[in-house]
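Single-structure report; data block below.
Taken together, the values in this text are just the output of simple stated rules run on the coordinates, not laboratory data. Since this is a predicted model, take the numbers as computed values, not measurements. For neighbour counting, all protein chains shown are included, and Cβ atoms are generated from backbone atoms with ideal geometry for every residue, glycine included.
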């Protein structure tokens with residue numbers, strides 16, 4: 001681990017001011033500490049924000065939800081407001097990491113997780129995300145975890161967070177503070193596709209700190225579910241995952257929200273599947289057809305083509321359960 005300066009922030013303004021051009025914010029540290037040890041990152045300064053008190057989980061005046069950036073994953077998963085109004089957020093959190101890590105990991109840190117691509121983690125191999133311009137080993141190498149949507153010649157990695165998949169389905173907003181003040185970033189605009197700059201995961205400015213996540217009221221989120229398919233039952237990142245919320249009335253899909261994980265450099269909002277379902281029948285055939293409408297735009301390679309039927313079946317099964325019966 002390379003030496004660095006350490007500063008414990010006394011306020012949000014102090015944290016932003018102290019960061020500097022090559023600094024890193026430390027919250028729960030479950031991702032950053034790994035990267036420091038592996039040599040993936042060597043910041044000149046680490047700014048500890050763990051005592052800023054940004055851990056509230058509360059109802060907003062309009063009936064939505066505000067989650068402080070330092071709220072722990074375990075606290076979010078267990079909170080009555082989360083479990084009752086958006087159960088797929090709780091399920092996504094409980095599907096991630098281990099109990100010990102969930103007791104440390106934070107909401108803001110989840111948004112800033114970096115890929116678990118094996119080549120990004122291995123400093124002996126070329127990786128454009130880790131070292132821009134060095135090449136992408138995953139293009140010709142082990143491609144089981146590669147993206148299905150939005151990949152580029154520079155990078156085919158996927159985003160690892162479970163929570164972010166549910167937040168993408170909710171159209172959440174990310175509140176950030178920087179030297180120029182406060183701004184809110186729509187969740188669909190927060191993370192980036194790789195393009196020719198895969199080292200940039202988000203649209204955050206270098207001096208900006210996440211302080212909260214805001215979720216507008218969405219009644220159909222009370223009928224929601226998160227399903228994660230992985231190699232083992234716990235402590236494994238998703239091969240694919242589905243977050244869905246469904247409003248069915250008299251057998252007709254009145255409204256729906258769907259996001260996919262393990263599929264792209266950012267959580268993938270399945271807008272085409274949603275459009276195919278709205279005002280149509282809530283049947284297994286319709287759910288499969290909606291999945292196909294989304295997946296026809298996927299660009300698999302031989303190593304990850306198995307993800308297509310896996311996503312199709314998982315999405316149809318989740319929607320079937322939310323509609324009131326298990327799909328065959």
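Pairing the Cα long axis of helix 284-295 with the longest principal axis of the chain, what angle in degrees results, from 0 to 90 and rounded to the nearest 10? The two axes meet at around 40 degrees.
What shape does the stretch 1-128 take by its C-alpha gyration tensor, where a ≥ b ≥ c are the square roots of the eigenvalues and a/c under 1.5 counts as rounded, a/b above b/c as prolate, and the rest as oblate? The shape class here is oblate. For the stretch 270-327 versus the stretch 192-248, the inter-centroid distance based on Cα atoms is 18 Å. Show log10 I(q)/I(0) for the chain at q = 0.08, 0.09 Å⁻¹, two decimals, from a solvent-free Debye sum over equal Cα scatterers. Here the Debye-derived log intensity ratios amount to -0.36, -0.46.
Most tightly packed first, judged by the mean number of other beta-carbon atoms within 10 Å of their residues, the peptides 250-260, 11-21, 109-119 read 109-119, 250-260, 11-21. Site pair residue 278 and residue 124 shows an inter-label distance of 5.2 nm when each label is modelled 7 Å from Cα along Cα→Cβ. Based on the alpha-carbon gyration tensor of the stretch 225-322 and its eigenvalue square roots a ≥ b ≥ c, which shape applies: rounded if a/c is under 1.5, prolate if not and a/b is larger than b/c, or oblate? Taking the square roots of the gyration eigenvalues as a ≥ b ≥ c, the stretch 225-322 is prolate. Each helix, a run of at least 4 DSSP H residues, gives -39500 (n - 2.57); summed and divided by the residues of the chain, these come to -7500 deg cm²/dmol at 222 nm.
The calculated FRET efficiency for the pair residue 78 and residue 134, based on their C-beta separation and a Förster distance of 45 Å, comes to about 0.60.
Shape of the stretch 165-216 from the C-alpha gyration tensor: oblate (a/c of 1.5 or more and a/b not above b/c, with a ≥ b ≥ c the square roots of its eigenvalues).
Round to the nearest 10 and give me the degree value, 0 to 90, for the angle of helix 307-322's Cα axis relative to the longest principal axis of the chain. Value to nearest ten degrees: 70. Contact order for the chain, expressed relative to its length and based on alpha carbon pairs under 8 Å spaced 6+ residues apart, stands at 16 percent. Distance from the Cα centroid of the stretch 113-132 to that of the stretch 76-107 is 28 Å (rounded to whole angstrom).
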